[in-house]
Amino acid sequence: MTKSKDKRRRKNKGQVKDLGKEIEAMVGQRKKELSMLKDVASVINRPLPLDQILQAVTEAILETVPSAHRVVIHLCSEAASILVPIASAQRSQPRKRIPKEIIQTIVRRAAQEKRRIHISDLRKEACVPNQKGELSLLIVPLISDQKAIGTLSMYGANVEAFTDHDQCLAQIFAGWAAIAIKKTQLRFEAEQSQEAALTFLATQAASA
């Protein structure tokens, strides 16, 4: 009886130790995520070119979402008829990519419907049964003033690569990216208005 109790006690102690390690790892990951989010917020508030800001966003996602193999940000027209990749980042090991025309169709749908699209197994849901590289896809539209101005796409190397938490992180980063694009648009419009005003004043002064 004593041996049985000792065995259970050792087993429980081992389980508690393993649980402690899991909690410690989770806390460390959450701290890392908060740190990266603060860094991205800081970058967005700097007067940097838009492509540099969005590049920082894609790299931050790879740092905070271990299951993400590749990240791409597209700008799009209002009807999502035009998609322009502006920033991307991927891990060092290249993998076979999904055919471009299939990806563009899914990205356009996410932008047009202004909703997140999560495909846990591209072989089944995207009709590419022989796909052996990127197997999961998460697309989040970048929304500003209730309009889709772009998309953020995350590719996973495994089936069901992205957890609910990963999807929440992607939503947060997509929000930051949308803010960066909007701020750049407003800065450009302000510069254009200022230039037009100065041109008008110079013309008035010359004709006086």
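The values are calculated or read from the model by the stated rules, or taken from the named source; none is laboratory data. As the structure is a prediction and not an experimental result, all values here were calculated from the model. Methodologically, a virtual Cβ is constructed for each residue, glycine included, from the backbone with ideal geometry; neighbour enumeration extends over all protein chains shown.
Observations
- Members of the range 127-144 found to be modelled with pLDDT under 90 and either touching a Gly at 6+ places or on another chain (Cβ under 8 Å) or of a type in the set (D, E, K, R) (or both), listed by number: K132, E134, L135
- Which numbered condition D18 misses (of (1) modelled with pLDDT of 85 or more; (2) out of contact with any helix residue (DSSP H, G or I) (no Cβ under 6 Å at 6 or more places or on another chain); (3) part of a helix (DSSP H, G or I); (4) not hydroxyl-bearing (S, T, Y)): (1)
- Among (1) touching a Leu at 6+ places or on another chain (Cβ under 8 Å); (2) within 15 Å of F173 (Cβ to Cβ), the one test that V84 misses: (2)
- Flag if T163 is touching a Cys at 6+ places or on another chain (Cβ under 7 Å) and hydroxyl-bearing (S, T, Y): no
- Selection status of R70, over 12 Å from T151 (Cα atoms), modelled with pLDDT of 90 or more, of a type outside the set (S, T, N, Q) and not in a loop (DSSP other than H, G, I, E, B): yes
- Condition broken by A111, with the remaining ones in (1) buried (at least 19 other Cβ atoms within 10 Å of the Cβ); (2) modelled with pLDDT under 90 satisfied: (2)
- Residues of the range 30-53 that turn out to be of a type in the set (S, T, N, Q) and under 15 Å from the mean Cα position of the chain (by Cα), as a count: 1
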